[in-house]
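Asker: Before we start, here is the structure in question, set down as structure tokens.
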Amino acid sequence: MTIDSARVSENERTLLARVPKGLFIAGEWRDAAGGATFGVEDPATGDLLAHVADASAADGATALEAARAAQPTWAATPPRERSDILDRAYHAVVERIEDFALVITLEMGKPLAESRGEVRYAADFLKWFSEQAVRIRGDYRVSPDGQSRLLTLRQPVGPSLLISPWNFPLAMITRKVAPALAAGCTAVLKPAEDTPLTCQLLAEVLSDAGLPPGVLSVLPTSDPAGLVGPMLADERLRKVSFTGSTAVGQNLLIGAAQNVLRTSMELGGNSAFLVFDDADLDAAVEGALLAKLRNGGESCVAANRILVQSGVADEFAERLADRISQVKVGRGTEPGTQLGPMINREQRDRVQLLVDDAVRGGATVVTGGSAPDSDGYFYEPTVITGVSASARITHEEVFGPVAPVYTFDHENEALRAANDTRFGLVSYAYTRDIGRALRVAEGLEAGMVGVNRGLVSNAAAPFGGVKQSGLGREGGFEGIDEYLSVKYVAIDKP
Ligand code: SIN
């Protein structure tokens, strides 16, 4: 397969020229303290899209001071005003859906239709948390012995560092920024170095929506450790929220221990996708396609291991391979593209290593299995069968368009295999038997379960994992609690 992608067009250059390139601190766009910048690439071609300011530890300290200074006033701002700002930002993002979608596609690679879907998903978090800002609850109770009154209230945790990933350059940001702002926390946001441009546009939208100076700073950087390390050691910071790999999350948790920070960690996954003999096979194949190829497989909720009961295993693998082999691969801006490039060379090469390792262990490539000839970082949509339990791909998050299919005989065996991982983010089950669906949903060691659905993500639902997939929840009623501390006031019997 050869992929000849179009280069950056005039139209795209015009939009990119309008994206702010500085650091956003204390309500202003400015150069990095040392004047440094770094380049952002189009993963479909390797072309340079833009340069943005490159924040250093000095900029981190300035942004943190702005967040500290703005914290008391922001916390005291009436919830309705915080809500209104988020609501205005929601409307602005929806109005600018085409700008946001194109910038996402240019820097991250996913097809434009998927980028539009991400913009709507991202906007939903702004809407949802604009609604939650005015619903922060407290409690007033009589103590069991009747001698006192137990008053509880929820207060903002304080300045929060939000570290977002490249795979959803907008939605993973609004999922953090919106609850932080709704709760009354000020924030410093560090976008992923591969995809800072979308975040720059969002900062502009939030500022135009009326966010007071200092409440949010945005610091793109090519040196995440150099920026984040000193911030974690700084007593002005009270919380860190991260979405990304378990390995990085573990390091952040160690850093966060210095000042005993509140933490939210949305880390890696190794999702099992179970298909039972009694499943609606058409729906299961479509669900697997969605759970595997949404976002090009570059998602922590992507189906990583597809486990199919022996009665339907061959037919399922054949049908999945047939559907996957028809997927159109190309630059995300090209009409009809269903699968864009992977984010960078390193990720693409890692996927190839995992496939090669599985094949050395006895797996068969049914379709795909290699990187097409191209200047970009494409990988063919792939199905492999006969993968051994000891293959690396069985235990590591593939984060790419590769679907390993395994076979099982009994429900217990499927559950054991599904849970045989250090991760526990999401799993999926396809069955028509309601009893089995509930048994399996209860038995899966995961923070989320999709039943006859290949997609669980929803701004109104609590997203998060168990085991090494993380701590805390984002979205839903729970998402705002991550940015609130409970205070208890003991009152003598009136
Ligand atoms: C992720 O991949 O980190 C999140 C995916 C989602 O919210 O659907």
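Asker: Of all residues in the stretch 291-311, which are part of a helix (DSSP H, G or I), at negative phi and either within 11 Å of the ligand (Cβ to nearest atom) or within 13 Å of the chain's Cα centre (by Cα) (or both)? Break it down stepwise before answering.
Answerer: Within the stretch 291-311, the subset part of a helix (DSSP H, G or I) is 291-297.
If we keep only those that are at negative phi too, we end up with 291-294.
Correct list: 291, 294.
Asker: What single numbered condition from (1) farther than 16 Å from residue 332 by Cα; (2) not in a loop (DSSP other than H, G, I, E, B) fails to hold for residue 35?
Answerer: Residue 35 satisfies every listed condition except (2).
Asker: Just name the residue that is farthest from the ligand (Cβ to nearest atom) out of those in the stretch 221-248 that are over 18 Å from the mean Cα position of the chain (by Cα) and hydrophobic (A, V, I, L, M, F, W, C).
Answerer: 233
Asker: Just the residues that are in contact with a Lys or Arg (Cβ under 7 Å, 6 or more places away or on another chain) and without any contact (Cβ under 8 Å) to a residue 60 or more places away in the chain, please, taken from the stretch 425-470.
Answerer: 445, 462, 467, listed by residue number.
Asker: Counting only residues that are part of a loop (DSSP other than H, G, I, E, B) and of a type in the set (Lys, Arg), which one in the stretch 312-354 is farthest from the chain's Cα centre (by Cα)? Reasoning before the result, please.
Answerer: Within the stretch 312-354, the first condition is being part of a loop (DSSP other than H, G, I, E, B), and the residues that meet it are 312, 326-328, 330-338, 340-344.
If we keep only those that are of a type in the set (Lys, Arg) as well, we get 328, 331.
Numbers: 328: 24, 331: 22 Å.
If we take residues in the stretch 312-354 being part of a loop (DSSP other than H, G, I, E, B) and of a type in the set (Lys, Arg), then 328 is farthest from the chain's Cα centre (by Cα).
Asker: Still on this structure, I have one more. Select from the stretch 249-266 the residues that are under 20 Å from residue 71 (Cβ atoms) and under 17 Å from the mean Cα position of the chain (by Cα) and list them in ascending order.
Answerer: Within the stretch 249-266, 263, 264 qualify.
Asker: Ok, one more. Residues being of a type outside the set (Asp, Glu), open to solvent by 70 Å² or more (accessible area, probe 1.4 Å) and farther than 22 Å from residue 244 by Cα: count how many of those fall in the stretch 441-489. Steps first, answer last, please.
Answerer: From the stretch 441-489, those of a type outside the set (Asp, Glu) are 441, 443-444, 446-473, 475-477, 479-480, 483-489; that's our starting set.
Add one more test, that the residue is open to solvent by 70 Å² or more (accessible area, probe 1.4 Å), and what stays is 452-453, 458, 467, 471, 477, 486-488.
Those still in the list that are farther than 22 Å from residue 244 by Cα too: 452-453, 477, 486-488.
So the count comes out to 6.
Asker: Failed condition for residue 170, given (1) within 14 Å of the ligand (Cβ to nearest atom); (2) surrounded by fewer than 24 Cβ atoms within 10 Å (Cβ to Cβ); (3) not basic (Lys, Arg), with all others met?
Answerer: Looking at each condition in turn, residue 170 falls short on (2).
Asker: For residue 133, which of the numbered conditions (1) closer than 28 Å to residue 41 by Cα; (2) away from the ligand (no atom under 14 Å from the Cβ); (3) assigned to a helix (DSSP H, G or I); (4) open to solvent by less than 40 Å² (accessible area, probe 1.4 Å) fails to hold?
Answerer: (1)
Asker: Under the condition of being part of a helix (DSSP H, G or I) and either outside the structural domain of residue 484 (by TED's automatic domain parsing) or away from the ligand (no atom under 16 Å from the Cβ) (or both), which residue from the stretch 249-281 is most open to solvent (accessible area, probe 1.4 Å)? Show your work before the answer.
Answerer: Narrowing the stretch 249-281 to residues part of a helix (DSSP H, G or I): 249-257, 281.
From the residues that got through so far, the ones that are either outside the structural domain of residue 484 (by TED's automatic domain parsing) or away from the ligand (no atom under 16 Å from the Cβ) (or both) too are 250-251, 253-257, 281.
Working: 250: 84, 251: 106, 253: 60, 254: 122, 255: 12, 256: 4, 257: 65, 281: 21 Å².
Applying the filter and picking the extreme gives 254.
Asker: Can you tell me which residues in the stretch 38-67 are open to solvent by 10 Å² or more (accessible area, probe 1.4 Å), assigned to a loop (DSSP other than H, G, I, E, B) and closer than 24 Å to residue 158 by Cβ?
Answerer: 56
Listed here are the residues, each with its yes/no results for (1) β-branched (Val, Ile, Thr); (2) farther than 18 Å from residue 314 by Cα; (3) modelled with pLDDT under 95; (4) crowded, with 20+ Cβ neighbours inside 10 Å.
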{"position": "359", "(1), (2), (3), (4)": "yes, yes, no, no"}
{"position": "362", "(1), (2), (3), (4)": "no, no, no, no"}
{"position": "368", "(1), (2), (3), (4)": "no, no, no, yes"}
{"position": "384", "(1), (2), (3), (4)": "yes, no, no, yes"}
{"position": "397", "(1), (2), (3), (4)": "no, yes, no, yes"}
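Asker: A follow-up question, please. Would you check which residues across the stretch 433-465 are away from the ligand (no atom under 16 Å from the Cβ) and either closer than 24 Å to residue 122 by Cβ or of a type in the set (Asp, Glu) (or both) and list them? Spell out the reasoning first.
Answerer: Here is the first cut: in the stretch 433-465, the residues away from the ligand (no atom under 16 Å from the Cβ) are 433-445, 451-452.
Result: 433, 442, 445.
The values are calculated or read from the model by the stated rules, or taken from the named source; none is laboratory data. Treat the numbers as computed from the prediction; the structure is a model and nothing was measured. Please note: Cβ atoms are built from the backbone with ideal geometry, for glycine as well, and neighbour counts cover all protein chains shown. In case anyone asks, the SASA skips ligands and DNA or RNA and just uses the protein heavy atoms, side chains included. Shrake-Rupley method; radii C 1.70, N 1.55, O 1.52, S 1.80 Å.
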